[in-house]
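Colleague: Just passing along the structure, written as structure tokens.
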Amino acid sequence: MANLHWLANPGRFLRIANAVLPYLGALTAALLAWGFFAGLSAPHDATQGAPAKIMYVHVPSAIMSMAIFGAMAVASAVALIWKHPLADIAAKASAVIGAGFTATTLLSGSLWGRPTWGTFWVWDARLTSELILFFIYLGYIAIWQAIEDPNRAARAAAILCLAGSVNLPIIHYSVEWWNTLHQPAGLLQGRTDSSMAVPLLTLLAGFFSFYVTMLLWRMEREVVGRKIRQLRLLRAQA
Amino acid sequence: MTRKRQRMIFVVSGLAALGAATALVMFALSDNITFFRTPTEVVGGDVPPNNRNFRIGGLVESGSVVRHGADTIHFLVTDTRSSVKVTYTGLLPNLFKEGQGVVAEGRMGPDGVFVANQILAKHDETYMPKEVIDALKAEGQWKGQ
């Protein structure tokens, strides 16, 4: 916790974020370029053929859509319990990125489902719970938009986020608990040949790096935006 | 007890209560959440009342596919313990073949044959290039179809 407290100073956070952002941006671009090139030049899957290439977008997006919500839930708990000044900012700044990954997951999955399963959409447990995750993201973003006072908005949003995190194990285990059309996860079980797993893991690293880059950039904007808001309030009172 | 500790207990117990409630609801609704029934369940009489539509899923039994005319097909869906005969008229997904996963939606006919109005292909989580599968087969290491 000592490190967290040291970073709790928003001024110090801004200085560090500004210093690392260019490097993170470059790392993201390199990982994404390398990953997409490797994915496109990887061999076709024997059963599914070319449509299985969609997994290079779908699988990392799906993992990130859940990982980001998990991170938001941890940040929300820290904000509620320890009142860490950057925690609710981190959760708020994550939401739009996570919602984007969730939308990408649903759309790419739909495009993958048509040529392989024979349908764009079914109401099986995996697809439905991921769609619910998307709606929870939208609700979370809506709370921040609807409540003007950041302290009150943070509280309401954190409670929604913690309640919504119950959905995460449901998404993950849906393919094991119930019969679904969606196949179970096979990335790290040795069922994916290394010629496809390596590009996939590279892209996962790239998507993660993209998230951290966007998160720091959006947190910077939020910290500065709150400073401006406070200065305006002070001037209005003077 | 400090305020922080109070808030932590509140958050943790709230999450635990919500998680337990959700688990109970999910458990109670299991029958509705499940996307398809297995042939063993169907043979054992687990079909919806009033001859309603339902889905049956499993593997297309090897050697069971019989085609009648241009687009009518008969095959067996199996979970290796039991099999159910399915008949279907219409377009099949590209992945449909013997030994592959399949989900058929429709209802039970009076003769015990499942009349499907939609066939979906189900695939597993194995992703291998053809060359690797051929190499594994040559070494006798391949465990799939």
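Colleague: Looking at (1) among the polar types (S, T, N, Q); (2) away from chain B (no Cβ under 14 Å); (3) in contact with a helix residue (DSSP H, G or I) (Cβ under 9 Å, 6 or more places away or on another chain), which is the only condition A:Gln230 fails?
Modeller: Single failed check for A:Gln230: (3).
Colleague: Step by step: first the residues of the stretch B:47-57, then only those that are within 12 Å of chain A (Cβ to nearest Cβ) and more than 15 Å from B:Gly109 (Cβ to Cβ), then the one that is surrounded by the fewest Cβ atoms within 10 Å (Cβ to Cβ). Which residue is that?
Modeller: Checking each candidate, the answer is B:Arg55.
Colleague: Picking from B:Thr72, B:Thr22, which residue would you name as being polar (S, T, N, Q) and assigned by TED's automatic domain parsing to the domain that holds B:Glu105?
Modeller: That would be B:Thr72, the only listed residue that is polar (S, T, N, Q) and assigned by TED's automatic domain parsing to the domain that holds B:Glu105.
Colleague: I need a count of the residues in the stretch B:89-145 that are hydroxyl-bearing (Ser, Thr, Tyr), more than 7 Å from every other protein chain (Cβ to nearest Cβ) and buried (at least 19 other Cβ atoms within 10 Å of the Cβ).
Modeller: Of the residues in the stretch B:89-145, 0 are hydroxyl-bearing (Ser, Thr, Tyr), more than 7 Å from every other protein chain (Cβ to nearest Cβ) and buried (at least 19 other Cβ atoms within 10 Å of the Cβ).
Colleague: Might you let me know whether the stretch B:93-105 holds any residue that is farther than 27 Å from A:Val59 by Cα, hydrophobic (A, V, I, L, M, F, W, C) and not in a strand (DSSP E or B)?
Modeller: So far as the stretch B:93-105 goes, no, none of its residues is farther than 27 Å from A:Val59 by Cα, hydrophobic (A, V, I, L, M, F, W, C) and not in a strand (DSSP E or B).
Colleague: Would you tally the residues in the stretch A:85-119 being within 11 Å of chain B (Cβ to nearest Cβ) and either basic (Lys, Arg) or not in a helix (DSSP H, G or I) (or both)?
Modeller: Residues that pass the stated criteria total 4.
Colleague: Moving to a separate point now. Restricted to the stretch A:169-180, and to residues that are in contact (Cβ under 8 Å) with a residue 24 or more places away in the chain and either of a type in the set (Phe, Trp, Tyr) or under 15 Å from B:Ala16 (Cβ atoms) (or both), which residue is nearest to the other protein chains (Cβ to nearest Cβ)?
Modeller: This residue is A:Trp178.
Colleague: I would also like to ask the following. In this structure, is A:Gly35 farther than 29 Å from A:Gly164 by Cα, modelled with pLDDT of 95 or more, surrounded by 21 or more Cβ atoms within 10 Å (Cβ to Cβ) and of a type outside the set (Phe, Trp, Tyr)?
Modeller: So A:Gly35 fits the description; yes.
Colleague: Considering only the stretch A:161-179, state which residues are in a helix (DSSP H, G or I), in contact with a Gly (Cβ under 9 Å, 6 or more places away or on another chain) and within 17 Å of A:Leu131 (Cβ to Cβ).
Modeller: A:Gly164, A:Leu168, A:Pro169
Colleague: Looking at (1) modelled with pLDDT of 90 or more; (2) over 30 Å from A:Ala26 (Cβ atoms), which is the only condition A:Glu148 fails?
Modeller: (1)
Colleague: Still on this structure, I have one more. Assuming A:Trp112 fulfils every condition listed in (1) under 19 Å from A:Ala62 (Cα atoms); (2) within 19 Å of the chain's Cα centre (by Cα); (3) surrounded by 16 or more Cβ atoms within 10 Å (Cβ to Cβ); (4) of a type outside the set (Val, Ile, Thr) apart from one, which condition is it?
Modeller: (2)
The values are calculated or read from the model by the stated rules, or taken from the named source; none is laboratory data. Worth saying up front: this structure is predicted, and the values here are computed from it rather than measured. Virtual Cβ from ideal backbone geometry, glycine too; neighbours counted across all protein chains shown.
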